[in-house]
Every structure is written in C-alpha cells, then in structure tokens.
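The values are calculated or read from the model by the stated rules, or taken from the named source; none is laboratory data. This is a predicted model, so every value here is computed, not measured. Neighbour counts run over all protein chains shown; Cβ positions are idealised from the backbone, glycine included. Surface accessibility is based on the protein's heavy atoms, side chains included, excluding ligands, DNA and RNA. Shrake-Rupley method; radii C 1.70, N 1.55, O 1.52, S 1.80 Å.
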Amino acid sequence: MTKSVHHWIAGRTVEGTSGDWGPVTDPATGEVTTRVALASAADVDEAVAAARAAFATWGTASLAQRTAVLFRFRALLDAHRDEIAALITAEHGKVHSDALGEVARGLEIVDLACGITTQLKGELSTQVSTGVDVAAIRQPLGVVAGITPFNFPAMVPMWMFPLAIACGNTFVLKPSEKDPSASVRLAELLKEAGLPDGVFNVVHGAKPAVDRLLAHPDVAAVSFVGSTPIARYVHATASANGKRVQALGGAKNHMLVLPDADLDAAADAAVSAAYGSAGERCMAISAVVAVGATGDALVQKIRERAEKVKVGPGTDPDSEMGPLITREHRDKVASYVTGAAAEGCEVVLDGTGHTVEGHEGGHWIGLSLLDRVPTTARAYQDEIFGPVLCVLRAETYEEGLALVNASPYGNGTAIFTRDGGAARRFQLEVQAGMVGVNVPIPVPVGYHSFGGWKDSLFGDHHVYGNDGVHFYTRGKVVTTRWPDPAEAPAGIDLGFPRNH
C-alpha cells in the first residue's frame, strides 16, 4: 500500500485542499512507494497564518525557553538519526552511511542554535554623552520561509530552521516534493521536544507553493538552496515583494592539482568528492584541473579507484554509491557522457550502461570520467549533478587559476599542493566563496558560514554561522538618557545634540 505524506501545520498533520498528489519513488527500484500532498495557495496561507499567530508569543519567549526546546530536539534527533537516515535512503537513494553523515552535519547547526544566547548578545556603550547610553540589540523578523532541494532533505532544512527559531522567528518549510518524509519527521520531533504549535510548519508542493511564499505579505524572509536559474528567480521575485533573501544556487567546483601534489591523495580526494552521494552535491568536485605533467598519471589513478567503487542500493552495507533521484535525472546525466566524445572529450570511463542485478528498474548510472575536456563542452559548462568527473589540462598555475576564475560559478574550490606559498596565493586569488587546501569538499563547520560567489549566491548573506544569525534578525540601536534625580530639568535646547 502506498504511503501518504501530508503537510504539517500548527502542530498537526493536514491533508490540504488542493486534492493534488505527487509521486515519490524508491530510486533503487523505480517503484512509487509514497504519494505526497501538493499544496495550494490556500494551504500555504494556512501555514503562514499559523506561523504568524505563533510568533506573537514565540517572538517574545525567553532565550532560556527557546534553547530548552532546542536542547531537547537535539537529543531526540541524535536518538533517531538512524531512522531519519533510513527515510533519506528510501526516497533519495544515497547509501545509509552518507545519509547518517547528512544528519550529523545538520546536528552541527542545531548545536549552534542551542548556544544562540552568545550569538544574540548585543552591545552597550555607556556615557557616550553625559548620562547617555547607547545599546545595539537584534530582534527576530517574524515569519520566515525555507525552500530546500532534494539532495539533502534533512541537512539543508537544518541549515535554516534551527537558527531561525532560536532567534525567535517562526518558520514555514517547503521541502522538495521528491523526498518529503524526512522533513515531516523533523517536525514531529520538534513537537515532541516541546516546540509550540505553529512555530515550525511544512508545506509540500511545486511552483505554485513556492510562488505563494515569495509573494505572501506576512513572510519577512526567504532562504533557498537549489539551481542557479531558480535561485535567481527566487531572489528577484522575493526581493520585489520586499523580502530579505538568501538564495544559494548551483556550482561547478574545480580542484586544481599542482605538479608537487601527492597524486595518491589527490586521486582519493577527487573520487570521494566527485562520486560521493552519486555526485548530487552542490559541493561536489566536478572538474579537476591538472597542471603541468601531472595529468596522465592523475587520470590513471582516478580511473583505478573509480573502477572499484561498488554501486548498489543504499540499504546494502557494501554499497558505496547509490542511484540517482529520478529516472529523468538519470537520463539527463547520461546524456552528458554519451555526447562527450563528439564535443572533443576523451571518455575514460562510461558508466551509462550500469545496472544492478535484482534492481533493474532502479535509476542506475555508474561512474564516468572524461579527460582533456574543452571548456566549450556541455559536460564542463553545465552543473551535471551526477557522477561525472571532467579533467582539464593547464600548463601553469596561472593558466589553471584563470580557468577556474572564468567559470560563472563560484561556490567551492580546492587546491592540492605541498607548496604553502602557492596555496596562500590560491586562497587569495581564486574567485569562490569556499576554498579547500588539500581538502576536496571545504564545507564550513556550523559556526562558520556556507556560501559561494558569482552565480552561486544571490543575496548578501551566506547560510548558517554568523551570517545566518544576522539574516534571521535585524538590528536596533537604542539611545537612553536617565536623568539623575538630583539634577534640575535641562530645559529645551533646539541645537544639535552635544556629545560632551
């Protein structure tokens, strides 16, 4: 029997009014296992109204009350991490260990939110003038929304809502309709932790739900993670409606390998970063730039490692890489490989014909490796979001850096070298928001912020860390004079205020 996933509004399950449902498949079998309710504009309005009503009390709740809920939520999340990982594997397809890692990275942001008391401390200057003090404080925005992608159905929402509600906001989440179950389970755990009804709400849906959130007058801010075209649309539309926006877009992350690098370490890193989670990561390394004479040896080492990776169901403990999220996405990823040779690429590994015995209906694709890729090839220009690694060649560091900086994306990048001077130059000269030095996936820890440059980010704020706290609050400066009871009234003075 097909499972049904409903909305979560005001602390309870709500089927919604649209009557529309979307299919959710098990990527390892291709079978529809779940149907998800798709929200109408009226359903979104109901969720926003619940969040607005809850803000009246949650926005003024004490920091002690907010953090007590978050500490209990953290304990529940830790206790249920295997269950949530299993939901992710069933609907996204990634292997169980990778799903567990996703939950663990989300827990980092919950940890940060539990310590929000230090993040929200204001500033005070006393005696700026005689008897005058000035204080700077931060206050919540109100109702905020998150629109999140399919590739991290638990982690990316946790990049947003723990900080948002810790700061005193209420939250409406619109997760991907392709793998919705994890978000509802998180909502249930929040309620069990004692979060008041309406503080956290989940509405499923597609573009109509997104458009209503972007236009709703009671939504003060929108956080988004997804592709660059949609990020640009979200930023433009929400900004036009007077909202604060952080919209994280796509990526084409490069790894620059210098001649002095440890090639075994670089090959290990390239395989892990390119093919982990079947390449469905915005921080995946999808382009390796081999400098000088390193290319042939590096490609051979990558090939040897890639050929040994076991592709299979995420529920199989021996599997290292699972299927892609949908059959349509699998076919699109495969098209970049089948058309690569005609565009001048050397196809070293072609994973498009891969199947798994007993799971022939799954959305399978093997690991693909393309060498000597020209910058004009589609496989290089587009964010593929699948297990396809492109290798490009450069004669010098300067040529490799120019190639990286010419990309319209600037999410993450890495350099592999033993030369500290070259690494220092790279971290200062490369045009990207996150840089790894001998680290292939430089995702910051929770107390530093995540975000890219150029077409990888629209808006001024990165997500989580200090930027996240600032995004979900707004500053206020209060100037106070309390006259000394022994002093006589100063009288009226129409002149400019004196500071001494």
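Exactly one condition in (1) under 27 Å from the mean Cα position of the chain (by Cα); (2) open to solvent by 50 Å² or more (accessible area, probe 1.4 Å); (3) under 16 Å from GLY386 (Cα atoms) is false for VAL337; which is it?
Single failed check for VAL337: (2).
Tell me the residue from VAL388, VAL348, VAL356, VAL435 that is under 24 Å from the mean Cα position of the chain (by Cα), open to solvent by 10 Å² or more (accessible area, probe 1.4 Å) and touching a residue at least 12 places away in the same chain (Cβ under 8 Å), please.
Residue meeting the stated conditions: VAL435.
For (1) in a loop (DSSP other than H, G, I, E, B); (2) more than 22 Å from PRO162 (Cα to Cα), each residue gets a yes or a no:
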residue: THR13; (1), (2): no, no
residue: TRP21; (1), (2): no, yes
residue: ALA28; (1), (2): yes, yes
residue: THR33; (1), (2): no, yes
residue: VAL44; (1), (2): no, no
residue: VAL48; (1), (2): no, no
residue: ARG52; (1), (2): no, no
residue: ALA61; (1), (2): yes, no
residue: GLN65; (1), (2): no, no
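Considering only the range 211-237, how many residues are under 20 Å from GLU177 (Cα atoms), among the hydrophobic types (A, V, I, L, M, F, W, C) and under 17 Å from the mean Cα position of the chain (by Cα)?
Residues that pass the stated criteria total 6.
Checking the conditions here, which among ALA414, ALA422 is small (Gly, Ala, Ser) and either surrounded by 21 or more Cβ atoms within 10 Å (Cβ to Cβ) or in contact with a Lys or Arg (Cβ under 8 Å, 6 or more places away or on another chain) (or both)?
Details: ALA422 fails: either surrounded by 21 or more Cβ atoms within 10 Å (Cβ to Cβ) or in contact with a Lys or Arg (Cβ under 8 Å, 6 or more places away or on another chain) (or both).
When all the criteria are applied, what remains is ALA414.
For the range 195-229, what are the residues that are among the β-branched types (Val, Ile, Thr) and in contact with a helix residue (DSSP H, G or I) (Cβ under 8 Å, 6 or more places away or on another chain)?
VAL199, VAL202, VAL203, VAL210, VAL219, VAL222, VAL225, listed by residue number.
Quick check: anything in the range 336-347 part of a helix (DSSP H, G or I), of a type in the set (S, T, N, Q), out of contact with any helix residue (DSSP H, G or I) (no Cβ under 6 Å at 6 or more places or on another chain) and within 24 Å of PRO149 (Cβ to Cβ)?
First, the residues of the range 336-347 that are part of a helix (DSSP H, G or I): 336-338, 341-343.
Subset that is of a type in the set (S, T, N, Q): 338.
Within this subset, residues satisfying the condition of being out of contact with any helix residue (DSSP H, G or I) (no Cβ under 6 Å at 6 or more places or on another chain) are 338.
Still in the running and within 24 Å of PRO149 (Cβ to Cβ): none.
There is no residue in the range 336-347 that is part of a helix (DSSP H, G or I), of a type in the set (S, T, N, Q), out of contact with any helix residue (DSSP H, G or I) (no Cβ under 6 Å at 6 or more places or on another chain) and within 24 Å of PRO149 (Cβ to Cβ).
Checking GLU102 against (1) closer than 25 Å to GLY386 by Cα; (2) without any contact (Cβ under 8 Å) to a residue 40 or more places away in the chain, which test does it fail?
In the conditions (1) closer than 25 Å to GLY386 by Cα; (2) without any contact (Cβ under 8 Å) to a residue 40 or more places away in the chain, GLU102 misses (2) alone.
Out of ALA278, ALA267, which single residue is more than 13 Å from ASP371 (Cα to Cα) and without any contact (Cβ under 8 Å) to a residue 40 or more places away in the chain?
ALA267
Quick check: is even one residue across the range 131-146 polar (S, T, N, Q) and open to solvent by 10 Å² or more (accessible area, probe 1.4 Å)?
yes
Name every residue in the range 464-474 that is surrounded by fewer than 17 Cβ atoms within 10 Å (Cβ to Cβ) and either in contact with a Gly (Cβ under 9 Å, 6 or more places away or on another chain) or part of a helix (DSSP H, G or I) (or both), in order of residue number.
ASN466, the sole residue that qualifies.
Give the residue that is modelled with the highest pLDDT, with candidates limited to residues of the range 359-377 that are open to solvent by 60 Å² or more (accessible area, probe 1.4 Å) and charged (D, E, K, R).
ARG372
When the range 186-210 is examined, which residues are found to be touching a residue at least 12 places away in the same chain (Cβ under 8 Å), on the phi < 0 side of the Ramachandran plot and under 20 Å from the mean Cα position of the chain (by Cα)?
Across the range 186-210, the qualifying residues are LEU186, ALA187, PHE200, ASN201, VAL202, VAL203, HIS204, ALA206, ALA209, VAL210.
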